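Following: one structure in structure tokens, then a few remarks.
All of the numbers you see were taken from the coordinates with simple rules; none came from a lab. Being a predicted model, the structure only gives us computed values, none of them experimental. FYI the Cβ positions are ideal-geometry reconstructions off the backbone, even for glycines, and counts take in every protein chain you see.
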Amino acid sequence: MLSTRWLVLIVWLTASLTAQAAAGGMVGVVGAGAAGGRPVLWSMRDGGSEELVVQALADGAIPYFAWCEAGHPERVHGGANVAGLGVVAVLVAVDGLAEADAKLAALLQEALRTCRTLAELEVLLHKGDADDRGFAANLAALDAAGAAAMFDVQQKTWVRADATIADRGFLVRDGRL
């Protein structure tokens with residue numbers, strides 16, 4: 001039987017070969033109640049670029065794999081780093097989709113480059129609270145310590161919903177706050 005880690009990687013890589021980039025979609029996370037006792041993270045996209053790839057990058061403090069548009073490693077839609085942080089996101093319907101998508105991609109890339117845990121991701125989100133983020137999004141994230149959560153991110157604030165205390169451990173968002 002495949003371990004949960006391998007199953008998630010296979011599903012993620014398979015989805016990335018046929019998925020499309022951020023015009024909408026759904027993200028989710030399952031807490032420790034998943035098979036094998038480890039959290040599971042997923043993303044489903046609809047609309048946008050058909051040219052998504054998983055690319056290994058080492059342009060920050062932590063090497064990572066980014067789910068990004070082919071030839072554009074800065075257009076990150078999610079990924080995982082070698083420290084064990086995994087993160088995916090979907091924009092909430094906004095005006096100026098291209099600009100909002102670029103700002104969300106920059107946040108995801110910075111999280112993958114610098115954060116090892118969900119607590120460090122929260123610090124990164126706090127840093128963005130003072131500025132206008134230029135987007136609203138649903139982020140799903142997990143880390144190697146078993147933490148799993150959904151972050152409903154707005155222009156100057158965010159709220160965390162912890163999958164470990166959610167009903168049955170499942171959290172799903174579909175691009176709405």
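Where does the charge balance sit around residue 160 when Lys and Arg score +1, Asp and Glu -1, over other residues with C-beta under 10 Å from its C-beta?
Details: positive: none; negative: 122, 152, 162.
Residues near residue 160 contribute -3 overall.
How much length is gained on full extension from residue 59 to residue 165, taking 0.36 nm per residue of separation minus their Cα-Cα distance? Please report the intermediate quantities before stating the final value.
On the way: separation 106, 0.36 × 106 = 38.16 nm, distance 3.48 nm.
Contour length minus Cα-Cα distance gives 34.7 nm.
Once the piece of chain linking residue 154 and residue 44 is laid out straight, how much longer is it, given 0.36 nm per residue of separation minus the C-alpha distance between them?
Details: separation 110, 0.36 × 110 = 39.60 nm, distance 2.06 nm.
Additional length available on full extension: 37.5 nm.
For the ranges 50-60, 142-152, what's the packing order if you count other beta-carbon atoms within 10 Å of each residue, average per peptide, and put the highest first? Each step should come with its number before you reach the end.
Values: 50-60: 14.9, 142-152: 20.6.
Highest mean packing first, the order is 142-152, 50-60.
Listed highest first by mean packing, meaning other Cβ atoms within 10 Å per residue, what order do 76-86, 154-164 come in?
Numbers: 76-86: 23.1, 154-164: 15.1.
Going by the mean number of other Cβ atoms within 10 Å, highest first, we get 76-86, 154-164.
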